[in-house]
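What follows is a short report on a single structure.
The values are calculated or read from the model by the stated rules, or taken from the named source; none is laboratory data. Note that the structure is predicted; figures quoted are calculated from it, not measured. Surface accessibility is based on the protein's heavy atoms, side chains included, excluding ligands, DNA and RNA. Shrake-Rupley method; radii C 1.70, N 1.55, O 1.52, S 1.80 Å.
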Amino acid sequence: QPNMTPNAKAAAFPERRERRLWRGDFFLSQKTDRISRCKFLHHPRGMMVTTKKNGVIEMLYYSFRINCAYGGKQTLAKAFGKSRREGTAAVVGLNARLCETYEEGRCAFICHGSPQSWQMAATFGEKEKVSVSFLREFLKAPLQEKGGVKEFSLADCHEITAADFQKDLEKADNLDYLDDCRRVIHNAHLDIFDNRQFKLQEEILSETMTKSRALARAREILADQSLLDELARIYSEENVAAFHGHPVHYKIAAGARATALAILRLLVGALHARGRLLSRRISFVSEITENCYDESDMDDLFRNAAGTTVVIDLRGSNEAHANYASAYERVTQYIADKVRDHHRDVLCVFIEHTGNPGFAASLIAKAEEHIDIVPIAEGVGNRRNARAYLRRLVKEADFEVMDDMEMEEALREKQSYTSTELYRIFHSFYKSGLKNKLYRAYRKVEYARVEKKALSGDAYERLQAMVGLTGVKEIVHQIIAAHKVEEMRRNMGLAKQSRSLHMLFTGNPGSAKTTVARLLAEILKKEGVLESGACVECGRSDLVGKYVGWTAPTVREKFRRARGGVLFIDEAYALVDDKDGLYGDEAINTIVQEMENHRDDVIVIFAGYKERMKGFLDKNEGLRSRIAFHVDFPDYNAGELTGILTLMAKDRGYTLGAPALEKCGEIFRAACRQKEFGNGRFARNLLEQAVMKQSQRLTAGDDGHTVTREEITTLLPSDFEVNAAACYAPEEARIGFV
């Protein structure tokens with residue numbers, strides 16, 4: 001009854017009660033917590049959405065079956081009765097009639113079946129009201145005129161993914177039911193699944209979530225308070241239970257993809273139940289390369305996702321990147337522009353993997369300029385909750401992955417677990433169970449193992465292994481200890497103590513300032529001091545804008561990228577201009593302001609020469625007072641450089657005997673007498689050139705000698721007689737007159 005008020009509808013359809021109304025050839029099933037102006041056609045395989053948003057109906061993809069009864073002289077049935085060729089020609093004509101308004105965004109076609117029961121697919125323009133009556137009216141004239149259909153009924157109507165719609169097009173093309181399938185795919189922007197710049201996967205969520213079911217599911221996945229708070233907002237009676245655009249979008253931070261997807265599906269199910277999403281279709285975008293901005297596929301993806309959810313995996317591709325903040329600069333801007341253009345109609349969910357944040361900081365910072373993003377974290381549960389979580393995973397598996405005794409043994413180490421940790425425990429037992437329970441012949445097989453490089457070890461251990469740097473190591477200990485005490489105070493209900501962790505690194509080039517900043521971000525992330533652990537590196541060219549008014553927004557964007565991590569400003573003294581009031585001054589003033597605004601979530605590290613940094617600190621009176629730690633990186637002496645060289649050689653699989661170490665000591669003692677000799681960089685250059693000299697020595701001549709493992713891993717004193725050493729060789733004393 002169209003004139004019923006919302007309250008009357010709610011009374012007519014109480015919670016958890018399903019009522020079926022006859023409408024045409026469909027049973028219309030309405031089953032929601034509270035009936036709104038959204039109408040849902042529920043079927044085992046999906047649903048059709050007819051929600052109206054500001055007078056506009058979003059374009060989605062549908063599949064349905066029509067059962068036909070024929071009449072008249074010329075019919076599809078008679079054409080197929082004569083020959084397959086004539087039957088195919090009749091279907092082509094009918095499909096052409098159905099697709100003649102395709103340029104307006106209206107399209108339906110027969111993809112396969114028989115004259116009595118055809119399987120069809122359809123999509124419609126944004127201004128069409130997709131309903132049962134609309135479908136019947138749209139199909140009626142073409143079926144009667146071109147197919148000779150007297151009566152027809154519709155069945156099994158459900159929403160499908162864009163990929164499934166494309167497959168239906170290809171089925172029709174394989175049967176020669178369409179004149180130009182590729183044109184339809186191109187015009188519908190469906191050729192996005194063949195791209196090489198990102199991976200696209202789609203799914204239709206299997207269920208919508210009532211409030212009670214959503215809360216129960218949240219408990220099952222050990223939901224964090226951030227997720228519980230958002231569920232309370234989604235189901236709040238203060239909200240309109242209809243779609244008028246997305247007020248917020250989401251960032252899900254988790255250590256495992258399975259954990260993030262469990263949170264995602266819960267959010268989408270809840271939003272759909274409340275009418276905040278038109279569709280249960282989810283598009284997953286992952287493995288994004290650095291060149292995705294060169295093609296239109298990402299834009300086409302967002303066009304086809306109106307009314308649905310797009311999930312962006314922020315890890316990037318599997319390629320090696322020196323620094324995601326710079327490597328994905330154009331990518332993040334491109335995706336942020338797509339988010340800006342489509343954020344009203346498309347729900348954007350960003351997935352940040354805590355162990356591999358990729359370009360998360362950069363994209364989130366840019367996206368926040370246009371949308372509001374609610375952060376959702378993975379939860380933590382005690383042993384009892386962890387046991388229930390593991391039992392649910394075991395129950396969903398196709399064999400008994402672990403018994404109760406194994407479960408208790410696995411949960412013995414800690415009192416609390418994240419859902420990621422529990423998933424990894426389950427995965428470990430699943431992997432072991434495949435060999436030990438199902439495929440027992442593989443229990444004693446020797447498997448290939450790749451030795452990991454020392455550099456991939458723990459950041460704290462790598463810092464401790466570095467030569468010297470006593471001051472910065474002590475500061476790390478102090479920060480970690482202060483954080484632990486702050487946690488104790490919080491557990492005791494005491495007031496939080498605000499503290500500044502901004503730092504100043506002074507020293508000559510090659511004294512490991514940048515390396516220490518990167519390790520510091522990793523260490524503080526692992527200890528819980530920082531949230532993301534990102535290390536955003538920049539200099540004057542990255543902070544000072546090209547034109548008037550550009551500098552301040554540029555600086556603020558860098559702080560947004562570094563949120564939850566470290567902002568490392570190298571050669572900060574370069575910001576000091578010869579004259580007051582220029583761009584450098586604007587950058588410094590904005591930095592001082594942002595240091596205070598982001599006091600709790602960004603650590604700023606300024607780096608540069610000791611003498612020149614004094615002028616930088618004097619440029620703004622607020623700078624010196626906001627920097628808590630001043631760390632000097634002194635030049636390395638000959639003994640320390642020898643130790644650094646030994647560590648570098650060990651990491652690369654080389655050994656140095658006593659004669660070679662003595663030779664290196666002589667080289668370093670000569671170099672240390674010079675100014676700005678390069679410190680650690682000089683040691684690295686010396687080792688790299690020594691390896692090249694060794695390679696030349698081992699391959700000289702062609703005497704058939706077989707090089708042994710010891711020879712190829714040992715560097716001799718003669719290998720260090722290279723150009724890098726000659727640059728700092730002491731000058732010979734000469735007798736004579738000038």
Inset, instruction - Report the accessible area of Asp229, computed with a 1.4 Å probe over the heavy atoms of all protein chains in place, in Å² rounded to the nearest 10. - result: 60
Inset, instruction - Output the antiparallel fraction of DSSP beta bridges having both residues in segment 294-444, as a percent to the nearest 5. - result: 45
Legend entry - ³J(HN,Hα) computed for each position of segment 554-569 - Karplus, 6.51 cos²θ - 1.76 cosθ + 1.60, integer Hz, glycine/proline x: 5, 5, 5, 5, 4, 5, 5, 5, 8, 4, x, x, 10, 9, 9, 9
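Sorting Tyr583, Tyr609 by accessible area (1.4 Å probe), largest first, what list results?
Details: Tyr583 80, Tyr609 60 Å².
From most exposed to least exposed: Tyr583, Tyr609.
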Inset, instruction - Please report, to one decimal in angstroms, the Kirkwood hydrodynamic radius of segment 324-389 built from all distinct Cα-Cα pairs. - result: 13.8
Legend entry - Accessible-area order (highest first, 1.4 angstrom probe) of the listed residues Thr470, Thr418: Thr470, Thr418
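Pairs Lys199/Lys414; Lys251/Lys614; Lys513/Lys546; Lys473/Lys650; Lys82/Lys171: which exceed 31 Å Cα-Cα?
On the way: Lys199/Lys414 37 Å; Lys251/Lys614 41 Å; Lys513/Lys546 28 Å; Lys473/Lys650 22 Å; Lys82/Lys171 23 Å.
Long pairs (Cα-Cα over 31 Å): Lys199/Lys414; Lys251/Lys614.
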